[in-house]
Amino acid sequence: MLEYRMARPDEREEYIDLANYAFKIDVECVLPKMYSKDIDSSGMHMVAADGQGRLRAQVAVYPEPMNAGGFPLRVGYLGIVSVHPRARGEGHMKVLMNKWIEEAPASYDMLVLYGNRQRYEYFDFTLGGVKIKYSVGEVNARHALREVNVEGLSIRPLFEIEGAAAYASKLNEARPSFVHRSERQMQDILTGLEQQPLGVLEDDKLIGYLVVSKTGKELTELAMERAADIPRAIKAYLAHSGADWIAVFAPEYDTELNASLSSFAENYTIETSDMYNIMDFARVLEAYLTVKHRTIGLMPGVFSAVLDGQPVTARVDGNGVTVERSAQPGAVELDKKQAQTLLLTPHGRYVGGGAHVPAGWFPLPIFWYIADKF
């Protein structure tokens with residue numbers, strides 16, 4: 001008899017083997033923050049088990065507690081959607097996804113995932129968020145950064161440097177929006193997905209760090225104590241790596257990073273970040289409007305609507321951002337897809353059902369660093 005339930009601690013090898021089999025990777029190496037030997041991740045996996053106890057499918061949600069604009073957010077990153085080849089087409093993924101989503105509001109304000117858009121739209125996820133991708137080449141460094149002094153800078157593996165975990169934690173928590181990263185797990189987090197964290201040192205003192213993709217051609221995370229050192233770090237890394245071109249990813253709300261990169265990058269593109277399923281609209285709206293107000297800036301105004309049955313009224317004035325769990329008389333009512341499209345995408349105004357939104361409020365500046373992904 002088939003059973004849908006949470007995995008047990010004694011099934012660790014089984015759910016790891018299923019993930020490895022489905023994705024053709026070694027998840028203990030690729031996702032150490034989730035699958036290192038000292039972590040019991042069984043309670044994060046919902047599985048389909050047959051009458052012999054064999055795991056036929058699984059979906060995991062990894063808790064990612066966040067702080068956005070000073071507001072704590074309960075976020076879960078959903079992944080490891082795995083179905084055994086001999087059990088495909090039997091509907092296990094649909095059951096497990098729906099069971100997680102049914103239970104999620106008790107534990108999470110929002111679920112996040114990366115995956116095929118059409119597949120996950122069936123489960124009320126909307127593609128959105130904002131990330132900016134800059135292309136920087138050796139030619140840009142040679143001309144635009146010709147006067148930038150990199151003397152005394154060096155690039156070294158981050159965790160070969162004493163105090164690196166505490167240092168990285170300090171820079172992470174200085175961000176307007178961040179996922180909490182414990183010092184104990186910092187190395188596993190930044191080396192996940194086969195990335196390489198590198199320290200940027202000046203005269204042997206850490207002044208920032210980079211997180212580099214497996215190919216060495218993408219900087220998926222860049223954190224410097226001083227914005228003035230961003231061009232120096234980029235120029236030093238280009239020389240260190242020998243790459244002709246690199247891509248640098250930045251969240252929209254990191255205004256200093258964007259201002260610096262846009263001054264010398266060859267070009268940039270604005271991309272979506274991930275897919276999102278919002279459980280608590282008022283909470284998410286207040287947190288990310290606050291982030292946007294404090295960084296990019298928002299014009300004063302009021303937005304009121306009923307979002308997937310949840311009444312909200314958001315105000316921006318001289319005192320900042322406030323969000324109430326009530327709606328003004330006659331406020332527009334949007335279903336979940338309409339609400340998330342309005343809040344998360346640049347074309348949301350076309351499907352907002354006539355909602356009045358002050359210019360520039362949406363999309364919300366939600367961004368997910370690769371290191372924080374499931």
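The values are calculated or read from the model by the stated rules, or taken from the named source; none is laboratory data. Note that the structure is predicted; figures quoted are calculated from it, not measured. With ideal geometry, Cβ positions are generated from the backbone for all residues, glycine too; neighbour counts draw on all protein chains shown. Heads up: the accessible areas ignore ligands, DNA and RNA and are worked out on the full protein's heavy atoms, side chains in. Shrake-Rupley method; radii C 1.70, N 1.55, O 1.52, S 1.80 Å.
Two decimals is fine: what is log10 I(q)/I(0) at q = 0.09, 0.15, 0.17 Å⁻¹ for the range 183-316, from a Debye sum with one equal scatterer on every Cα and no solvent?
Values returned for q = 0.09, 0.15, 0.17 Å⁻¹ are -0.39, -0.89, -1.03.
Calculate the all-directions average of the projected area of the range 72-160's alpha-carbon convex hull, and give it in nm². Each step should come with its number before you reach the end.
Values: hull surface 46.8 nm².
The orientation-averaged projected area of the Cα hull of the range 72-160 comes to 11.7 nm².
So what's the back-of-envelope 222 nm ellipticity for the chain, counting only DSSP H runs of four-plus at -39500 (n - 2.57) apiece and dividing by all residues, rounded to 500?
Computed mean residue ellipticity for the chain: -7500 deg cm²/dmol.
Over the heavy atoms of Glu102, what accessible area does a 1.4 Å probe trace out, to the nearest 10 Å²?
My reading of the accessible area for Glu102 is about 150 Å².
In angstroms, what radius of gyration and Dmax does the range 1-102 have, counting Cα atoms only?
Considering the range 1-102 through its Cα atoms, Rg and Dmax are 14.2, 49 Å.
Would you mind computing Rg(Cα) / (2.2 N^0.38 Å) for the chain, counting N as its residues?
Compared with the compact-globule rule of thumb, the chain sits at 1.05.
Based on the Cβ-Cβ distance of Glu194 and Ala359, what FRET efficiency does E = 1/(1 + (r/R0)^6) give at R0 = 45 Å, to the nearest 0.05?
So the FRET efficiency works out to roughly 0.60.
By how many nm would the segment from Asn20 to Tyr122 grow when fully extended, if each residue of separation counts as 0.36 nm and the alpha-carbon distance is taken off? Don't skip to the end; give the middle numbers.
Working: separation 102, 0.36 × 102 = 36.72 nm, distance 2.55 nm.
Computed gain between Asn20 and Tyr122 is 34.2 nm.
Over all alpha-carbon pairs in the range 49-118, figure out the percentage whose distance exceeds 14 Å.
Considering the range 49-118, 65 percent of its Cα-Cα pairs are separated by more than 14 Å.
Leaving ligands, DNA and RNA out of it, rank Met275, Met224, Met299, Met6 by accessible area with a 1.4 Å probe, largest first.
Ranking Met275, Met224, Met299, Met6 by accessible area, largest first, yields Met299, Met6, Met224, Met275.
Test of understanding: extend the Cα→C-beta vector of Glu256 to 7 Å, then name every residue of the range 164-203 with backbone N under 14 Å from that spot.
From the range 164-203, the list is 170-177.
Over the Cα atoms of the range 252-330, how large are the radius of gyration and the largest Cα-Cα distance (Dmax), in Å?
That works out to 15.7, 49 Å for Rg and Dmax.
Quick check: from the Cα gyration tensor, does the range 140-193 come out rounded (a/c under 1.5), prolate or oblate?
prolate
Any of Lys94/Lys217; Lys24/Lys217; Lys292/Lys337 with alpha carbons more than 29 Å apart? Name them for me.
Checking Cα-Cα distances, Lys94/Lys217 exceed 29 Å.
Between Ala174 and Lys336, what length comes free when the chain is fully extended (0.36 nm per residue of separation minus the Cα-Cα distance, one decimal in nm)? Don't skip to the end; give the middle numbers.
Values: separation 162, 0.36 × 162 = 58.32 nm, distance 3.26 nm.
So the chain would gain 55.1 nm between Ala174 and Lys336.
Principal axis extents for the range 96-251, Cα atoms only, whole Å, descending order, please.
Extents along the principal axes, in whole Å: 56, 34, 26.
For Ser107, Ser213, give the ranking by accessible area with the largest first, probe 1.4 Å. Kindly include the intermediate steps, with their values, before the conclusion.
Working: Ser107 60, Ser213 20 Å².
Ranking Ser107, Ser213 by accessible area, largest first, yields Ser107, Ser213.
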